[in-house]
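Heads up, the thing below is written out as structure tokens.
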Amino acid sequence: MQTMKRMAGVLAVAAATAFGTHAVADDLPGFGSWDEVVEQAHGQTVFWYMWGGSDNINGFVDNFYGKPLMEEYGITLERVPLADTVDAVNQVISEQEAGATGDKGTIDLIWINGENFFTLRQADLLYGPWAEGVPNSALVDWANPAINLDFGRPVEGYESPWSSAQFHFVYDSARLNEGDLPRSYAELGDWIAANPGRFSYIAPGPGAFVGTRFVKQLFFEVSGGHAQWVGPFNEELYNKWAPEVWKMLIAWKPNLWREGETYPASNAELRDLFANGEVEFDFTQSPSGPASNIESGLVPPTSRAFAFDANLIGDFNYVAIPFNAPNKAAALVTANLILRPDRQAAQVQPANGFCCGWAIDVARVSDAGQQAAVAEAMQNLGDAAADPARLAAALVADIAAEYQSRIEADWQAHVLRGEPLPN
């Protein structure tokens, strides 16, 4: 058995080296090397707590992570479905209060981001820093603020990216010409005025973050750029530009679908309006655009994704390891497998059901076999996907969570209900 463990460790290190990553874990608390991590992980069960509301995602995790974890590392994956990630956060907090420290917890890995990450990080209830110590982390562009900041807060090695999503748009190529598409909010405003009743957007509010994201991006354009919004919540900056945004959105209302008296409340409602021909644009966050909706027959087969030229928010979701995880080695191996190029290539392809974007910088992949997997994935995105170069050029990070609640409340007050703007 020990020989098998050592061989598994040697193979894992050799594979990591082949991918152009480092073989020794320089920053993995409690471990001296990656070989030691792999050896200790053999025979462990990794209890991965994650939102369980999608059968497609659940199946993807079981097939594309569960099988190789067992076959290549001798690790059993136990996926624990959650109704909401905050349930896992509360469990870790409760365990800490009950004195379950060291390796006496119940959770090894959490699918996490945003406020849930910040809650555990602020309470010092996460293991780490480790995320830049796993071998395949060398494929991650840690200099990118969309990765090293999670909703404006530093990651600092306490979570590792799994996948990404980026806001962009969908149109029907049978109804509109690509050359006539708006490429900025200013152009969109002109398009709305010239095509009354043919545009709407998701009402910003709790549970409708895509609608909030649509409005956030308008803040960036109106204010002259995204960079000033990175960092802690800035009350003065928000108060300066919020009235200008509300004025612009209010000016759109007479030419919106149903004259802005009502708005779609969800992604599904906007998608249905688009599919029925009531509006001309839908929203997407998938690298394959509307491909999965086309396959499901939810939108016309001529639907295509497109991007603005700037200020399109992309964010990353992550995995984190609680401070008291009982199987930290298995959690680390799982996080490293998630970043392996062939697993990353699998997750972006519509046929596999996950359909989220890359967490790695594919330009860093040097192994020929892994490059082939990446190239195949790019080809399999299909004709419905937006130009990836244009999307990448428009990428900006999301901003501090406090902006989200303010934007949602103020949009409801000033745009939806028509309350007077602040002086």
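The values are calculated or read from the model by the stated rules, or taken from the named source; none is laboratory data. Model, not experiment: these values are computed from the prediction. All Cβ positions, glycine included, derive from the backbone under ideal geometry; neighbour counts span all protein chains shown.
For the stretch 164-175, state whether one or more residues are under 21 Å from Leu337 (Cα atoms) and either not assigned by TED's automatic domain parsing to the domain that holds Ala346 or not in a helix (DSSP H, G or I) (or both).
So far as the stretch 164-175 goes, yes, one or more of its residues are under 21 Å from Leu337 (Cα atoms) and either not assigned by TED's automatic domain parsing to the domain that holds Ala346 or not in a helix (DSSP H, G or I) (or both).
Which residues, counting only those in the stretch 257-280, are touching a helix residue (DSSP H, G or I) at 6+ places or on another chain (Cβ under 7 Å) and not in a helix (DSSP H, G or I)?
Of everything in the stretch 257-280, those that are touching a helix residue (DSSP H, G or I) at 6+ places or on another chain (Cβ under 7 Å) and not in a helix (DSSP H, G or I) turn out to be Pro264, Glu278, Val279.
Tell me which of these Lys328 doesn't satisfy, since it passes every other one: (1) buried (at least 23 other Cβ atoms within 10 Å of the Cβ); (2) under 20 Å from the mean Cα position of the chain (by Cα); (3) of a type in the set (Lys, Arg).
All conditions are met except number (2).
So Met248 passes all but one of these: (1) farther than 30 Å from Pro420 by Cβ; (2) over 26 Å from the mean Cα position of the chain (by Cα). Which condition number does it fail?
Condition (1) is where Met248 drops out.
Give Phe306, Phe316, Phe274 a once-over and let me know the one that is touching a Phe, Trp or Tyr at 6+ places or on another chain (Cβ under 6 Å) and touching a residue at least 60 places away in the same chain (Cβ under 8 Å).
Only one candidate qualifies: Phe306.
Give the residues of the stretch 77-89 that are over 22 Å from the mean Cα position of the chain (by Cα) and over 18 Å from Thr334 (Cβ atoms), sorted by residue number.
Those that are over 22 Å from the mean Cα position of the chain (by Cα) and over 18 Å from Thr334 (Cβ atoms): none in the stretch 77-89.
Considering the stretch 277-313 alone, what residues qualify as being under 14 Å from Cys356 (Cβ atoms) and buried (at least 23 other Cβ atoms within 10 Å of the Cβ)?
Listed by number, the residues that qualify are Thr284, Ser286, Pro287, Ser288, Gly289, Ala291.
Which one of Tyr158, Tyr201 is closer than 30 Å to Val134 by Cβ, modelled with pLDDT of 95 or more, buried (at least 18 other Cβ atoms within 10 Å of the Cβ) and touching a Pro at 6+ places or on another chain (Cβ under 8 Å)?
Tyr158
Looking at the stretch 381-410, which of its residues are surrounded by fewer than 19 Cβ atoms within 10 Å (Cβ to Cβ), in contact (Cβ under 8 Å) with a residue 60 or more places away in the chain and either among the charged types (D, E, K, R) or part of a helix (DSSP H, G or I) (or both)?
Scanning the stretch 381-410 gives Asp383, Asp387, Pro388, Arg390, Ala393, Ala401, Glu402, Arg406.
For the stretch 54-109, enumerate the residues that are over 25 Å from Gln349 (Cβ atoms), hydrophobic (A, V, I, L, M, F, W, C) and not in a loop (DSSP other than H, G, I, E, B).
Val80, Leu82, Val86, Ala88, Val89, Val92, Ile93
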